[in-house]
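Every number here is computed from the coordinates shown, using simple stated rules; none is lab data. Every value quoted in this text rests on a predicted model; they were computed, and no experiment measured them. Here the Cβ positions follow ideal geometry from the backbone for every residue, glycine too, while neighbour counts run over all protein chains shown.
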Amino acid sequence: MTGASTRVVVVGAGLAGLIAARDVAASGAEVTVLEARDRVGGRMRGVPMSSGVVADGGAAYLGRQHTELLQLVDDHRLDLVSTGMSGESTFLIDDQRTTTASRVPPLDAVALGDLFDRLEDLVETVRPNAPWLTPDADRLDRLSAQRWLVDGIARPDAHTFFPLFLGEMMAADPAAISVLHMAFYLRSGGGLRYLNAFEGGAQQWRIDGGAHLLAEELAEQLGDRVHVNQPVAAIDQDHHGVVVRCVTDTAHRQSEFRADRVIVAVPPLLAQRIDFRPGLSTPRATTATGRGCAIKVHLGYRSPIWREGGLSGWSVSTSGPLLSTVDDSPSDESAGVLTGFVTGAAASAFSALSPAGQRDAALAHVARLFPQLPPPDTCSITDWITEKYSRGCYAALFGPGDWLRLGPTLTEPHGRIHWAGTETSLEYFGLMEGAIRSGRRAAAEVIDAADATTDSSKVLVR
Ligand SMILES: Cc1cc2nc3c(=O)[nH]c(=O)nc-3n(C[C@H](O)[C@H](O)[C@H](O)COP(=O)(O)OP(=O)(O)OC[C@H]3O[C@@H](n4cnc5c(N)ncnc54)[C@H](O)[C@@H]3O)c2cc1C
């Protein structure tokens with residue numbers, strides 16, 4: 001247990017920050033959580049549908065390997081819902097609609113097999129606990145995933161499938177990420193096949209009622225230690241402690257919080273914007289660091305009516321906006337919820353449309369995918385590209401050169417400042433599981449540092 005006099009400020013009330021705060025508070029220290037938005041949860045967010053069902057506007061899926069997340073779900077007595085996948089898949093390949101029992105698009109099987117083999121070979125070479133030490137890391141970090149494809153793979157259908165795959169897995173445009181980042185991400189998430197799978201994979205379940213409930217439960221436990229509408233603009237430190245300064249967006253009012261240690265649990269592009277004094281010796285993000293691009297479209301129906309026609313609701317299209325759809329209906333079938341994913345380059349184009357234009361484009365697409373369905377009763381769109389306090393969804397994308405530049409100091413404290421957030425986790429980077437593991441690691445660092453200070457002051461007193 002740390003002394004009750006140790007004061008810790010946590011910046012960001014996403015899953016990483018809330019878990020860090022929970023662990024630090026449990027050690028007996030005094031914790032204050034500063035959150036820029038008017039809500040907690042960050043990239044986990046509930047979207048109320050008119051049926052009373054709440055859909056996941058941000059993070060949704062989890063699998064058996066996500067042990068910390070499963071423990072948290074259990075601790076808070078939340079339930080899991082299996083992702084609905086029984087029935088035929090629907091494909092819209094070059095505007096040709098087909099339905100089949102297979103989950104894999106009807107493209108050249110040899111091309112897809114070859115692409116997967118090469119990706120798996122690449123993923124195997126990555127050093128998961130130090131990607132920057134991977135053999136040939138220098139070259140792999142400089143090369144974009146797009147160049148890797150163009151240089152090494154000839155079959156046209158592999159070129160058709162690759163951006164869809166990276167869009168779905170990482171919300172990434174292949175031109176925006178390094179090969180090392182792609183390979184690391186796939187390795188860190190449990191491997192290509194696990195990450196890509198629903199049954200037995202990373203998309204096996206959702207949290208009943210929405211993943212954001214976890215953040216709300218954690219915040220409720222922390223009570224008045226959590227302060228919303230507090231965007232942190234500057235962090236000053238010296239030998240005596242840290243001063244964290246917030247500037248509110250609207251009234252330009254400033255507030256100050258003093259601490260012995262700070263945990264910064266915000267995405268790297270946002271950490272880079274904080275004014276640290278003294279300044280950081282290595283950046284948190286570079287000009288190559290990109291934003292993952294994801295927009296979710298939720299289509300609401302009276303029930304999952306596609307199931308009546310033997311369809312699973314799972315679809316893949318080779319052109320946007322809805323590159324894939326998933327059946328996210330509640331388990332009691334009291335409503336039908338089809339989630340459309342707009343990712344990668346398609347998301348940037350979609351985000352530029354007006355709200356009416358986005359809705360029209362989404363409804364036109366779903367009518368081509370499922371012509372037998374009536375128009376949905378509701379259509380809600382969660383556009384993460386324009387979210388000031390996320391800057392990258394599902395996660396930040398490490399561009400060419402980033403892993404060698406940022407990787408070795410990803411978790412290295414800057415004096416009294418410690419780092420959390422899913423992008424600081426080498427395990428399950430970019431996922432809720434990574435966020436939890438990062439929060440726990442940062443909390444343990446702070447608790448250890450406080451214990452070390454207490455021990456040395458005991459020695460001095462004697
Ligand atoms: C559309 C979408 C789909 C996803 N799907 C999945 C999925 O199916 N499964 C999965 O495991 N993961 C998924 N993810 C990723 C998952 O949401 C994240 O990995 C996880 O929530 C990140 O948590 P975090 O605490 O690291 O960061 P965040 O959730 O981003 O939390 C950071 C917090 O810091 C706040 N903040 C930012 N700047 C400041 C500042 N200057 N001062 C104070 N506060 C600040 C933010 O408002 C935010 O609340 C998805 C994400 C999105 C957006």
query = Whole number please: convex hull volume per residue of the Cα set in region 92-162, in Å³?
reply = 108 Å³
message = As a test of the formula, what do you get for the chain when each DSSP H run with n ≥ 4 contributes -39,500 (n - 2.57) and the sum is divided by the residue count, at 222 nm and rounded to the nearest 500 deg cm²/dmol?
response = -10000 deg cm²/dmol
task = Grab the eigenvalues of the alpha-carbon gyration tensor for region 190-283, scale each by 5, take roots, and send me the semi-axes largest first in whole angstrom.
result = 34, 20, 13
request  = Along Cα→Cβ, 7 Å out, is where each label goes; now give me the distance between the ones at residue 331 and residue 175 in nm to one decimal.
outcome  = 4.4 nm
Fewest-first ranking of 74, 451, 141, using other Cβ atoms within 10 Å as the exposure measure = 74, 451, 141
query = With axes computed from alpha carbons, what is the tilt in degrees of helix 355-369 against the longest principal axis of the chain, rounded to the nearest 10 within 0 to 90?
reply = 50 degrees
task = Please check the chain for the longest run free of GluC sites (Glu not before Pro) that are loop-located per DSSP (anything but H, G, I, E, B) and have at most 15 other Cβ atoms within 10 Å.
result = 1-198
message = Given region 1-86, report the % of alpha carbon pairs whose separation exceeds 22 Å.
response = 42 percent
ask   = Rounded, prolate or oblate: which fits the chain, taking a ≥ b ≥ c as square roots of the Cα gyration tensor eigenvalues, rounded meaning a/c under 1.5, else prolate when a/b beats b/c?
value = prolate
key: Segment residue 253-residue 452, length gained on full extension (0.36 nm per residue, minus Cα span)   = 68.0 nm
query = With +1 on each Lys and Arg Cβ and -1 on each Asp and Glu Cβ, how big is the dipole of the chain about its Cα centre, in debye rounded to the nearest 20?
reply = 980 debye
ask   = In nm, what is the difference between 0.36 nm times the number of residues separating residue 411 and residue 154 and their Cα-Cα distance?
value = 88.6 nm
message = Apply the Karplus curve 6.51 cos²θ - 1.76 cosθ + 1.60, θ = phi - 60°, to the phi angles in region 260-271 and return the couplings in whole Hz, x for Gly and Pro.
response = 8, 9, 10, 10, 9, 10, 10, x, x, 5, 7, 4
